Amino acid sequence: MKLSMLQQSYMNRRSASFRAPSAPLDSSTDNTIKSPAAIFWVLLHGLCCLISLVLGFRFSRLVFFFIFSTSTTTTLYITTPFPPLAKTSNNINDLPLEIPVINKTLSSSSRVVVGRHGIRIRPWPHPRPSEVMKAHQIIESVQREQRIQSGVKSPMTVIVVTPTYVRTFQTLHLTGVMHSLMLVPYHVVWIVVEAGGATNETASIIAKSGIKTLHIGFAQKMPNSWEGRHRLETKMRLRALRAVREKMMDGIVMFADDSNMHSMELFDEIQNVKWFGAVSVGILAHSGGGGESSSAVAEKDVEPNLSNPAMPVQGPACNASNNLVGWHTFNSLPYEGKSAVYIDDRATVLPRNLEWAGFVLNSRLVWKEAQDKPEWVKDFDLVAENIESPLALLKDPSMVEPLGSCGRQVLLWWLRVEARADSKFPPG
């Protein structure tokens, strides 16, 4: 009985709530529905609901408000809990001026208020160039101190020998070597031997380095064949060693060909050489033509050997005790009859059995008189000009000091890429 009475009272209240109490209320409702602004917001709300269903997250109507805003500057929209002020005073001084004062303060202090927190806007450019230079100077000083404490205590001068000649890609190759030498943290002397005599083109390139250079002209011109070029480059390197002997330059001599690529770790590693050292050289055998690449030729003609790396490597071979037992050389059998003969041939360029770039030596080995000079070194005056590698300077090649974790690290890469003889480098 009580349950039926409660249900009856609930139905009475519900029916009373849906009754129209007065005509003005109905008229106001009809006016609201017929208002264009109300219809627009209803349609916009429906559109946002559809977009939310497609995107999978809530898409607010305020997005349209920010997109179609006509303001071109950073504007602060401040909502206050107070109603709009009525025009009860005719005196303009009685009107509140809080918002203009806030905008003036924000523009003068360069602050943007987001909620309750302020964001400091620094003037452009930021960071300032002076601060950037100070940061670089601090980093350089820290690196210098670290090098003094944990690096080489008394580094030797690095004497770099580079044979070159005027050609299409000379600027490209010499610029790469020059930038590498400019990053060396040791004192560098760059000996550039130029075939065909010293020219202004080469002198203008090496003058940009800012390091101490010695430009030597070699009378003989560079031949057009790769075999002749290898032989002439050997003579040019020996000419540079004679200059070291005559001027009694003290340091570590390394042979940096202009088209090779060097790791910065190489210049740190050669500081460990006492007399004569060797490093591993990665051979990037390049095919200039549009046909088969050198790697494809190797895979076709040679059975796969998992013990050999994909990139051929020249350098010292050591045993488990890190003692020199032999040499890793480049296998040229897969390229027999397919290698380039002339410089502008579209074929694979092959290196020598042991490239000069993989050896470094103490400059006192070529001095005429040097203190504590080892006996296993030949007299430099008795060395022939047609030697294959710097190993010909030694009586006992087993005295070579293997560098780079006993040849396990590749610290430079050998590459020969040249343009056709009739091509010209773009001007400018």
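The values are calculated or read from the model by the stated rules, or taken from the named source; none is laboratory data. Owing to the predicted nature of the structure, the values given are computational and were not obtained by experimental measurement. Reconstructed Cβ throughout: ideal geometry from the backbone, glycine too, with neighbour counts over all protein chains shown. Side chains are part of the model used for accessible areas, which takes the heavy atoms of the whole protein and leaves out ligands, DNA and RNA. Shrake-Rupley method; radii C 1.70, N 1.55, O 1.52, S 1.80 Å.
State which residue is nearest to residue 161 (Cα to Cα) when the search covers only region 233-248 and only residues that are buried (at least 19 other Cβ atoms within 10 Å of the Cβ) and among the aliphatic types (A, V, I, L, M).
Per the criteria, the residue is 240.
Residue-wise test of (1) in contact with a strand residue (DSSP E or B) (Cβ under 6 Å, 6 or more places away or on another chain); (2) over 18 Å from residue 259 (Cβ atoms).
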{"residue": "132", "(1), (2)": "no, yes"}
{"residue": "156", "(1), (2)": "yes, yes"}
{"residue": "167", "(1), (2)": "no, no"}
{"residue": "181", "(1), (2)": "yes, no"}
{"residue": "191", "(1), (2)": "yes, no"}
{"residue": "196", "(1), (2)": "no, no"}
{"residue": "209", "(1), (2)": "no, no"}
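Residue 254 - would you say it is buried (at least 17 other Cβ atoms within 10 Å of the Cβ) and modelled with pLDDT of 95 or more?
Considered against the rule, which asks whether it is buried (at least 17 other Cβ atoms within 10 Å of the Cβ) and modelled with pLDDT of 95 or more, residue 254 comes out as yes.
Return the residues of region 197-224 that are surrounded by 14 or more Cβ atoms within 10 Å (Cβ to Cβ), small (Gly, Ala, Ser) and within 28 Å of residue 382 (Cα to Cα); say none if nothing qualifies.
Those that are surrounded by 14 or more Cβ atoms within 10 Å (Cβ to Cβ), small (Gly, Ala, Ser) and within 28 Å of residue 382 (Cα to Cα): 197, 198, 217.
Could you identify the single residue in 317, 392, 370 that is open to solvent by less than 50 Å² (accessible area, probe 1.4 Å), under 23 Å from residue 285 (Cβ atoms) and aliphatic (A, V, I, L, M)?
317
Taking region 117-161 only, how many residues are of a type in the set (A, V, I, L, M), at pLDDT 85 or above and not in a strand (DSSP E or B)?
Total meeting the criteria: 7.
When you scan region 301-337, how many residues do you find that are assigned to a loop (DSSP other than H, G, I, E, B), within 26 Å of residue 223 (Cα to Cα), of a type outside the set (S, T, N, Q) and modelled with pLDDT under 80?
Residues that pass the stated criteria total 2.
For region 173-186, what are the residues that are in contact (Cβ under 8 Å) with a residue 40 or more places away in the chain and either open to solvent by less than 40 Å² (accessible area, probe 1.4 Å) or not in a loop (DSSP other than H, G, I, E, B) (or both)?
If the condition is that a residue be in contact (Cβ under 8 Å) with a residue 40 or more places away in the chain and either open to solvent by less than 40 Å² (accessible area, probe 1.4 Å) or not in a loop (DSSP other than H, G, I, E, B) (or both), then 173, 174, 176, 177, 180, 181, 184, 186 are the ones that fit.
Just the residues that are out of contact with any helix residue (DSSP H, G or I) (no Cβ under 7 Å at 6 or more places or on another chain) and not in a helix (DSSP H, G or I), please, taken from region 375-405.
Result: 375, 379, 384, 388, 394, 395, 396, 400, 401, 402.
What about residue 368, is it under 30 Å from residue 247 (Cα atoms) and modelled with pLDDT under 90?
For residue 368, the condition - under 30 Å from residue 247 (Cα atoms) and modelled with pLDDT under 90 - is met.
Within the bounds of region 261-268, is there any residue that is part of a loop (DSSP other than H, G, I, E, B) and under 19 Å from residue 406 (Cβ atoms)?
yes
Quick one: is residue 193 in contact with a helix residue (DSSP H, G or I) (Cβ under 6 Å, 6 or more places away or on another chain) and surrounded by 14 or more Cβ atoms within 10 Å (Cβ to Cβ)?
yes
Is there a residue being outside any loop (DSSP other than H, G, I, E, B), free of Cβ contacts under 8 Å to residues at least 12 places away in the same chain and not aliphatic (A, V, I, L, M) anywhere in region 342-353?
No, region 342-353 contains no residue that is outside any loop (DSSP other than H, G, I, E, B), free of Cβ contacts under 8 Å to residues at least 12 places away in the same chain and not aliphatic (A, V, I, L, M).
Mind checking which pairs have a first residue in region 194-217 that is under 12 Å from residue 175 (Cα atoms) and in contact (Cβ under 8 Å) with a residue 12 or more places away in the chain and a second that is open to solvent by less than 40 Å² (accessible area, probe 1.4 Å) and part of a helix (DSSP H, G or I), Cβ under 6 Å, 6 or more apart or different chains?
From residues that are under 12 Å from residue 175 (Cα atoms) and in contact (Cβ under 8 Å) with a residue 12 or more places away in the chain, the pairs are 205/174; 209/178.
Among the residues of region 354-374, what is the count of those that are in a loop (DSSP other than H, G, I, E, B) and touching a residue at least 60 places away in the same chain (Cβ under 8 Å)?
Total satisfying the criteria: 5.
Scan region 340-355 and tell me whether some residue there is within 27 Å of residue 320 (Cβ to Cβ), open to solvent by 30 Å² or more (accessible area, probe 1.4 Å) and touching a Lys or Arg at 6+ places or on another chain (Cβ under 9 Å).
no
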